[in-house]
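I have placed the structure first, in the form of structure tokens, so that the comments after it can refer back to it.
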Amino acid sequence: MNKFEYVNASSVKSATEQLQSDGSVRIKAGGIDILDELKERTINPKRLVNIKTVGGLKEIKEVKDSLHIGTLVTLSELASNKQVKTLFPALAEAALGAATPQIRNVATIGGNICQRPRCWYYRSEEFSCLKKGGNECHAHLGDNRFHAIFGNDKCAMVHPSATAVALVALQAKLKIEDTKGHRIVEIDNFFVKPEENAKAENILKPTEIITEVILAKPAVGSRNFYIKLKEKQSFDWPMADVAVAMEMAGGVCKAARVVLGAAAPVPWRAVAVEKALVGKKVDASVAEEVSRLAIEGAKPMSHNGYKLKVFETIVARALSVVASGDFSSKEGF
Amino acid sequence: MAIKIVVNGQDLEVSVSPMKRLLDVLRQDCYLTGTKEGCGEGECGACSVLVDGEVINSCLVPVCQVEGSEIVTVEGLAENGKLVPVQEAFIKYGAAQCGICIPGMLMAAQALLDSKELSKQTPTRYEIREAIAGNLCRCTGYMKIVDAIEAAALSTLEKK
Amino acid sequence: MTVGQSVNRKEGRDKVTGAAKYVDDYHFQDIWYGKTVRSTVAHAQITGIEFLAGFDWSTVVLADYRDITSRNIVALIYDDQPLLAESLVRHVYEPILLIAAPTKELAELAAKHVHITYKKLPAVLTIEDSLSAEQKIFGDDNVFKSYTVTRGNVEDAFQSAEVVVEETYHVGHQEQLYIETNGIIATAKSDGTILIQGSMQCPYYVHRAIKELFGLPDEKVVVVQNVTGGGFGGKEEFPSVVAGHAALLAKKCGHPVKIVYERGEDFVASTKRHPAVIRHRTGLTRDGRLIAAEIDLTFDGGAYCTLSPVVLSRGVIHALGPYKCPNIRVTGKVVATNTPPNGAFRGFGVPQACFASEMHMENISRKLDISPVELRRKNMLHQGDYTLTGQQLTYSVGTQQVLDAVLERSDYLARRSHKQPELSNKRYGIGLSFYYHGGGFTGSGEEKIKGQAAVELTAEGTVRILTASTEIGQGTRTIFSQIVAQELGLRPEDVEFEENDTSKVPDSGPTVASRTCMVVGRVVQMAAASLKEEMAKRIASLAQCQASEIQFEGRHLLWQKDGEIISVSFAEAAERCMSRTGFLKTTAQYSSPPGIKWDDVTYSGDAYPVYAYAADVVEVEVDMDTFEVKILKVTTATDVGKAINPTLAEGQIEGGTVQALGYGLFEEVAWKDGKILNNRLTNYIIPTSLDIPDMETVLIENPYPYGPYGAKGIGELPMDGGAPALVAAIADAVGAVVTEIPATPERIMEAMEKLAVEA
């Protein structure tokens, strides 16, 4: 670890004032990812600005018809917060299913959606890939069982954040601040495909900080849910996950969002499913029927064809759960 | 940079890089080698300690993150040589084999035993398994560890 | 009676208070840190090593093969593995250069400033490529070692078979994944002595390797085992490499040198379980009796031989499982590839062989439409039967007992026929495995090793055990203290241990091969019996009674004189016994049970003095859409001979079974170009507490007359049967047999598709 200056920020303003466009100053929130990057020397900052000392970023507060989640709220706080559990079970489930109890106690929502990829070629020192300035994606010719089935032409990473999948389904907005003030970004416009920029996963500039995640309270008759398939039963990065948010009136779907995780380099909206749901009275058989559209346009690679069936299945299940409103599928032996 | 922390009830001031891992500060600067490193990336839980009552991986947390916090390590469980119920139970039920995961496992178990819910009833075996799901053990197959925590929960509840 | 009691683990208190000191917990004032620079290519000539500018090379010390004063080898069987590569590298991660520095960070920074250039050679990366021998990387045929075992007349028997079942099974690498990574501290003393301490199973293996490396006599190398955080075979031969590296650096830089691997390095640098391809062809009568079998095993040894011939040998001998078949031929070979060398891992060739043989039984049972239980009952070994090496089993054969016990405890028959109601997309399955494992070294191995142990009286009037058998979590110290306490009428807490230091303890042989309790425990018992005899003799001469009249009970020596019982405390007796000599120490050495015969040339005879037997039942629920497998319940029954400490014995069985379930369900090493893709705990998946349900563990005691109080070796046995029972349960649920593990959702889907095509 090289030497760097370390500063405690007292306010968002004082934090953003120190940020530089060349990326030489970095923000530290929960510290997990940044410690990792410092250790692996993938970054070499001159200065580190600690925002843990900034007041107000650790709260979940109600503002009119929205819930404002501070960027420093931890995953365990999200998973256990009553309002989040009631209004946004998709987010609570995604947060609860992420990582281990120890990590959930430290990892923040802001850090979680900005996570770097878990791709084993990206993480291995022995492979230079597009994300690291190399000229190929090794997943195309190598073992790609955990890689993308959508949007994988260039880089086949899958976006690692489970909470991001839920937030896209819930149409979250992100409050992003810099010295000039703040902007509100629709989460749909936050993540970046490799075709646009292979080296970054989102639009956040080195001079900016996410300070809040804003969720509009769902309309009456709306429901949302999240399901993941994992390699082991304990908390882990998903092999495939899905979040569904549906607005319903009299059992008929008025609008829906179906978002697939671990499917593409960004949280992936299954637009065909969303469209097909509108105007339908959703039950188990409709869920199953429209779930087949979830893999429309998929381009599986040599080792990840199994994901097609998996996505169909978990989409159908998530839709059934949302339609029935029965969220009581507790694990146990 | 001087950082103040409270470790096992003792006020300490350590002069280290703020991004030094809490694990290294405990082992190298506080001479508390009971906390172990198994993977260095938060997956095995051998480095688990309590920070203000919550169990965390000390390999993932820079020391500046816990400035002013109360930290409890495995060395801080027993008081004046008297083992706490979960330590006693780990011995009695054969929960420790090679022992390298045990310091972290005990901290995760203690966090569960300290949780508010336990003031009313003992956790189910599944809840115990959930509480230690961030702690890998390669020796025991977890049976005897779950047995031990279950027994410790019962004796803790009886005392309350 | 202390033998048979679940007394507390001897070092339990240290392990729950954080007081137990593992190698990384030792720190010396002037210590330096070692770093290994490794090959990044699978097969190549080294054309140059460049030390880049931008680093102050005067701050570190470098070592390469030229610094080795005697033989550049990791001494083992063939001595083909160099400690440091010279001009050729044969696998990715092969060590080439060593760096020592005052801090770990500096050593790592230096390593990043080393640039090695290569002229690449064609690499052999799979068993198939190696067998084709188009590219020769070992001898003329790339074969490290092969064996053939034959009994009866196989060709004729196949002619008369009514049914022939044939199938090929595949298993991949498995990482031991002890939670404590490899670590060693080496110190080169001014008198030329090399001191090694660290995490290891076999101090005398390291002792020999260091002697060979530097051409030193016995007394100039001292190896001390620290508290060791798991081994599972992974710390059998591999610590010799780490110790060699640390010693070389220590000699050169003049400081003690610590090398403790980070997880990622430990994963790629250390040995793994051998991948294997195993083909079974079996001839049977229509009613399911085995009459002919041909089994062919091919193991991937990796780039160097390590222990591969011995691993293969055990696989070959266990290839059929605990069944009788009068006509059988087993052929086995282990081949070279340009991948990291594979080595010892709990089970040592048997988990591979057992997966194949038990899945083959599953396939036979389906093909013949005979229940898995009936098939086993028809063919199982009983007392008096002969194994495939022609060994007649004359004692301690618990086959029928373990099968009966596991069926009863799991309620197998009822649960198999009355399946739980099926949810629309979930199916229940129940699977059985039945297996055995030979205790101790194969054939004449134990006779060659002549393991020793000693016991002595201490100045405090207690007893001390001197043995090189290591405590690695399996309970060596606890059970040995129980055995000695039992012999001498003491409590286990009255028994202490000499430090496991090669300059202080005799060579008991390595801590491997399920031999610690059964073989060394027996030697410890014999040494304690001699001590008792000697004490009785000395006390008898003082007390003027017959030595044979003296009883050792309740920490006292008792005898009768003139109708009165005379009693002396053990401590007092010990003091009297030592009054003239100052010490009393007795040593014992292993000798095989009478009548054991083994022929190394024909590979026939008594392969092991005794076998331990077990049967597992695993129940699963399979999601028929996603092919996720959830393990619902695991039941095992094990014939342990005698459980010296039932809690510890259960701990071995439960822990081994979970490793076996991991082997069957998730554990897989992913490769590209000879490089490992998943060298982290985030992507090499081992079972967590949530992947494993509660287990029922049944211990059956069928005493082995030549083990301590009847105990047999069970360290490895539980690693053998979990995977096939699990995959049989999956087959019961989905209807198709997966022939390659781990049984990932992808493989289950493929097996079902294949079955659908065949139908």
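Where a number appears in this text, it was derived from the coordinates with a stated rule and is not lab data. Remember, predicted model here, so these are calculated numbers, not experimental data. Quick reminder, even Gly has a Cβ in these numbers, built from the backbone with ideal geometry, and neighbours come from all protein chains shown.
Got the relative contact order for segment B:85-159 handy, in percent, Cα pairs under 8 Å and 6 or more residues apart?
Here the relative contact order equals 52 percent.
What translational diffusion coefficient, to the nearest whole µm²/s, does the protein assembly as shown have by Stokes-Einstein, given a Kirkwood radius computed over alpha-carbon pairs, a temperature of 25 °C and 0.890 mPa s viscosity? List each step's numbers first, then the result.
On the way: Rh = 32.1 Å.
Estimated via Stokes-Einstein, D reaches 76 µm²/s.
Listed highest first by mean packing, meaning other Cβ atoms within 10 Å per residue, what order do A:165-175, A:46-56 come in?
Details: A:165-175: 25.2, A:46-56: 18.1.
Going from most to least packed, we get A:165-175, A:46-56.
Which values, in whole Å and largest first, are the semi-axes of the equivalent ellipsoid of segment C:625-684 obtained as the square root of 5 times each eigenvalue of the Cα gyration tensor? Walk me through the intermediate numbers first.
Values: eigenvalues 199, 58, 16 Å².
Over the Cα atoms of segment C:625-684, the semi-axes work out to 32, 17, 9 Å.
What translational diffusion coefficient, to the nearest whole µm²/s, does segment C:433-506 have by Stokes-Einstein, given a Kirkwood radius computed over alpha-carbon pairs, a temperature of 25 °C and 0.890 mPa s viscosity?
Values: Rh = 14.1 Å.
Translational diffusion coefficient: 175 µm²/s.
Which residues among segment C:527-556 fall inside the zone where the amide N is under 14 Å from a point 7 Å beyond the Cα of residue C:569, along Cα→Cβ?
Residues C:554-556 fall inside that zone.
For chain A, what relative contact order do you get, as a whole percent, if you take Cα pairs closer than 8 Å and at least 6 residues apart?
Working: 714 pairs, mean separation 55.7, N = 333.
Worked out over chain A, it gives 17 percent.
Normalised by the empirical 2.2 N^0.38 Å for globular proteins, what value does the Cα Rg of segment B:1-151 take? Don't skip to the end; give the middle numbers.
Numbers: Rg = 15.0 Å, N = 151, 2.2 N^0.38 = 14.8 Å.
Taking N as the residue count of segment B:1-151, the ratio is 1.02.
Residue-wise, which Karplus ³J(HN,Hα) couplings in Hz belong to segment C:451-466, taking 6.51 cos²θ - 1.76 cosθ + 1.60, θ = phi - 60°, and x for glycine or proline?
Karplus values, whole Hz, x for Gly and Pro: x, 10, 8, 9, 10, 9, 7, 9, 4, 7, x, 10, 10, 10, 9, 10.
Within segment C:251-294, which residues have the backbone N less than 16 Å from the label spot 7 Å out from residue C:118 along Cα→beta-carbon, could you tell me?
Only C:268-269 fall inside the zone, counting backbone N under 16 Å.
Taking Cα centroids, how far is segment B:47-113 from segment A:152-189 in Å?
36
Counting other C-beta atoms within 10 Å, which of C:579, A:128 has the fewest, and how do the rest follow? Before the final figure, lay out each step's value.
On the way: C:579 10, A:128 15.
Lowest to highest Cβ neighbour count: C:579, A:128.
Counting only other chains, what is the mean number of Cβ atoms within 10 angstrom of the Cβ of each residue in peptide C:691-697? Each step should come with its number before you reach the end.
Values: counts 7, 7, 8, 8, 3, 1, 2.
Mean inter-chain Cβ contacts per residue within 10 Å come to 5.
What's the average, rounded to a whole number, of partner chain beta-carbon atoms within 10 Å of each residue's beta-carbon in C:21-27? Each step should come with its number before you reach the end.
Numbers: counts 2, 5, 0, 5, 6, 1, 4.
Across the residues of C:21-27, the mean count of other-chain Cβ atoms within 10 Å is 3.
Which three lengths, in whole Å and largest first, does segment B:85-159 cover when its Cα atoms are put on their principal axes?
33, 23, 17
If I take every Cα pair under 8 Å that is 6 or more residues apart in chain C, average their sequence separation and divide by the length, what percent do I get for the relative contact order? Mind dumping the intermediate values first?
Numbers: 1883 pairs, mean separation 118.2, N = 759.
This gives 16 percent for chain C.
Sorting check: for A:192-199, A:308-315, which peptide has the highest mean count of neighbouring beta carbons within 10 Å, and how do the rest follow? Could you put the intermediate results ahead of the total?
Working: A:192-199: 14.9, A:308-315: 23.1.
Output ranking for A:192-199, A:308-315: A:308-315, A:192-199.
Rounded to a whole number, what is D in µm²/s for chain A from Stokes-Einstein with the Kirkwood radius over alpha-carbon pairs (10 °C, 1.306 mPa s)?
Values: Rh = 20.4 Å.
The Stokes-Einstein estimate is 78 µm²/s.
Aspartates and glutamates near residue C:10 by alpha-carbon distance under 12 Å, same-chain residues fewer than 8 away left out - which ones?
Output for residue C:10: C:471, C:493, C:494, C:496.
Enumerate the calculated ³J(HN,Hα) couplings along segment B:149-160 in order (Karplus 6.51 cos²θ - 1.76 cosθ + 1.60, θ = phi - 60°), each rounded to whole Hz, writing x wherever the residue is Gly or Pro.
Coupling constants for segment B:149-160: 5, 4, 5, 5, 5, 5, 6, 5, 5, 4, 6, 6 Hz.
By how many nm would the segment from residue C:562 to residue C:600 lengthen if fully extended, with 0.36 nm per residue of separation less the alpha-carbon distance? Before the final figure, lay out each step's value.
Working: separation 38, 0.36 × 38 = 13.68 nm, distance 5.88 nm.
Stretched fully, the residue C:562-residue C:600 segment lengthens by 7.8 nm.
With θ set to phi - 60° and the Karplus curve 6.51 cos²θ - 1.76 cosθ + 1.60, what are the ³J(HN,Hα) couplings of segment C:370-387 in order, to the nearest whole Hz, using x for Gly and Pro?
Ordered by residue, 3J(HN,Hα) equals 10, 5, x, 6, 4, 4, 5, 4, 5, 10, 5, 6, 10, 4, x, 7, 10, 7 Hz.
Roughly how many nanometres apart are two label points built 7 Å out from the Cα toward the Cβ at residue C:66 and residue C:377?
The modelled label-to-label distance comes out at 7.3 nm.
State the Cα centre-to-centre distance between segment C:437-505 and segment C:311-335 in whole Å.
33
Please list, or write none, the aspartates and glutamates whose alpha carbon is within less than 15 Å of the alpha carbon of residue C:220, excluding same-chain residues fewer than 8 places away.
C:191, C:212, C:501
Using the count of nearby Cβ atoms within 10 Å as a rough guide to exposure, how do C:240, C:160, C:39 rank from fewest to most? Let's see the in-between values first.
On the way: C:240 28, C:160 11, C:39 21.
The order, fewest Cβ neighbours first, is C:160, C:39, C:240.
Which peptide among C:456-466, C:225-235 comes first, and what is the full order, when sorted by highest mean count of other Cβ atoms within 10 Å? Kindly include the intermediate steps, with their values, before the conclusion.
On the way: C:456-466: 18.5, C:225-235: 27.4.
Sorting C:456-466, C:225-235 by mean packing, highest first, produces C:225-235, C:456-466.
Divide by every residue of chain C the summed helix terms, -39500 (n - 2.57) for each DSSP H run of at least 4, and state the resulting mean residue ellipticity at 222 nm, rounded to the nearest 500 deg cm²/dmol. Spell out each step's value before the answer.
Details: 19 runs with 217 residues, N = 759.
Rounded to the nearest 500, it is -9000 deg cm²/dmol.
Pairs to check: A:58/A:175; A:154/A:199; B:4/C:21; A:61/A:180. Give those whose C-alpha atoms are more than 18 Å from each other in this structure. Provide the component values of the computation, followed by the final result.
Values: A:58/A:175 14 Å; A:154/A:199 12 Å; B:4/C:21 27 Å; A:61/A:180 24 Å.
With Cα atoms farther than 18 Å apart: B:4/C:21; A:61/A:180.
Over chain A, with a Gaussian network built from C-alpha contacts below 10 Å, which listed residue (A:237, A:120, A:268) shows the highest mean-square fluctuation?
A:120
Once label points are set 7 Å from the Cα along Cα→Cβ at both residue C:444 and residue C:262, what is their separation, rounded to one decimal in nm?
Distance between the two pseudo-spin positions: 4.9 nm.
What nm distance separates the two modelled labels at residue A:153 and residue A:63, each placed 7 Å from Cα along Cα→Cβ?
It is 3.9 nm.
Suppose we look only past 21 Å in the calculated P(r) of segment B:2-76. What percent of the Cα-Cα pairs does that tail hold?
Values: 317 of 2775 pairs.
Summing the P(r) tail past 21 Å for segment B:2-76 gives 11 percent.
Report the FRET efficiency, 1/(1 + (r/R0)^6), for residue A:44 and residue C:755, where r is their Cβ-Cβ distance and R0 is 45 Å, rounded to 0.05.
Numbers: r = 55 Å, r/R0 = 1.23.
Computed FRET efficiency for residue A:44 and residue C:755: 0.25.
Which value in Å is the Kirkwood Rh of segment C:84-123 over different Cα pairs?
Working: mean 1/r = 0.0843 Å⁻¹.
After inverting the pairwise mean of 1/r, the radius is 11.9 Å.
List C:304, C:204 from most exposed to least, where exposure is judged by having the fewest other Cβ atoms within 10 Å.
Numbers: C:304 26, C:204 19.
In increasing order of surrounding Cβ atoms, one gets C:204, C:304.
How big, in percent, is the set of alpha carbon pairs in segment C:451-589 lying more than 21 Å apart? Working shown, then result.
On the way: 3744 of 9591 pairs.
Pairs farther apart than 21 Å: 39 percent.
Quick check on my link table: of C:324/C:754; A:309/C:672; A:205/A:299; C:104/C:211; A:307/C:367; B:144/C:15, which ones sit more than 20 Å apart, alpha carbon to alpha carbon?
Working: C:324/C:754 31 Å; A:309/C:672 26 Å; A:205/A:299 31 Å; C:104/C:211 27 Å; A:307/C:367 32 Å; B:144/C:15 15 Å.
Beyond 20 Å between Cα atoms: C:324/C:754; A:309/C:672; A:205/A:299; C:104/C:211; A:307/C:367.
Hey, got the average number of other protein chain Cβ atoms within 10 angstrom for residues in B:41-52? Don't skip to the end; give the middle numbers.
On the way: counts 12, 11, 14, 8, 7, 3, 1, 3, 1, 1, 2, 1.
For this peptide, the per-residue mean of nearby foreign Cβ atoms is 5.
State the Cα centre-to-centre distance between segment C:23-92 and segment A:204-274 in whole Å.
What the calculation gives is 50 Å, centre to centre.
Evaluate E = 1/(1 + (r/R0)^6) for residue B:1 and residue A:197, where r is the Cβ-Cβ distance and R0 equals 35 Å; express this FRET efficiency to the nearest 0.05. Before the final figure, lay out each step's value.
Numbers: r = 35 Å, r/R0 = 1.01.
With R0 = 35 Å, the Cβ-Cβ based efficiency is 0.50.
Sticking to Cα atoms, compute the Rg of segment C:513-601 to one decimal and its Dmax as the biggest Cα-Cα distance, whole number, in Å.
For segment C:513-601, the Cα radius of gyration and maximum Cα-Cα distance read 17.3, 62 Å.
Say R0 is 45 Å: what FRET efficiency, to the nearest 0.05, do residue A:272 and residue C:168 get from their beta-carbon distance? Can you show the working numbers first?
On the way: r = 42 Å, r/R0 = 0.93.
According to the calculation, E is roughly 0.60.
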